[in-house]
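To start, the structure itself, in structure tokens.
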Amino acid sequence: MRIGELARLTGVSTRLLRYYGEQGLLEPDRSAAGYREYREGDQIRVRQIRGLLAAGLSTRVIAEILPCASGPVPALEACPDLLATLRGELAELDTRIAELTRSRQALAGYLDTAAPTTGPSARAYAAA
């Protein structure tokens, strides 16, 4: 199938499908005229890519995982040796979440100490 049909079937733009190809995530065949020709299995591959991107993985990590991936998202089955990669990515996410939580608490503390206590500004602050 051509790129437009795959885009229609998956809800992903043709531009994004080309980007996935540039990143090595999709490898369409080429017709004699040079058109990208996708296989039926590429629909599942696009769903896998979208699910892994939504999970916060980079295209670099996804490129490592996809050769071993089978099945639809979220029931993606990966090679056992890639589980360490996924655990590492999860640990990095946990670290970033902890850092953002600390930043949020600090900012909330500044807002609490800087909040006006009377007047129209205090009412506007309390309403927010």
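The values are calculated or read from the model by the stated rules, or taken from the named source; none is laboratory data. Because the structure is a prediction, the values reported are computed rather than measured. Glycine also receives a Cβ, built like all others from the backbone with ideal geometry; neighbour counts cover every protein chain displayed.
Remarks
- Test: residue in region 12-34 that is modelled with pLDDT under 95 and touching a Gly at 6+ places or on another chain (Cβ under 8 Å): yes
- Considered as a group, the residues in region 35-52 that are modelled with pLDDT under 90 and either part of a loop (DSSP other than H, G, I, E, B) or touching a Lys or Arg at 6+ places or on another chain (Cβ under 7 Å) (or both) include one that is nearest to L83 (Cα to Cα), and that residue is G41.
- The listed residue being surrounded by fewer than 13 Cβ atoms within 10 Å (Cβ to Cβ) and not small (G, A, S), out of R47, R15, R39: R15
- Candidate set from region 53-70 (those that are in a loop (DSSP other than H, G, I, E, B) and not polar (S, T, N, Q)); member that is farthest from R87 (Cα to Cα): A69
- Yes/no for L83 being modelled with pLDDT of 90 or more, within 26 Å of the chain's Cα centre (by Cα) and surrounded by fewer than 16 Cβ atoms within 10 Å (Cβ to Cβ): no
- Scanning region 52-67 for residues that are among the polar types (S, T, N, Q) and either within 17 Å of R96 (Cα to Cα) or loosely packed, with under 14 Cβ neighbours inside 10 Å (or both) turns up just one, S58.
- Filter result (closer than 18 Å to I65 by Cβ and among the acidic types (D, E)) within region 6-39: E22, E27
- Hey, L93 modelled with pLDDT under 90, over 19 Å from Y20 (Cα atoms), part of a helix (DSSP H, G or I) and of a type in the set (A, V, I, L, M) or not: no
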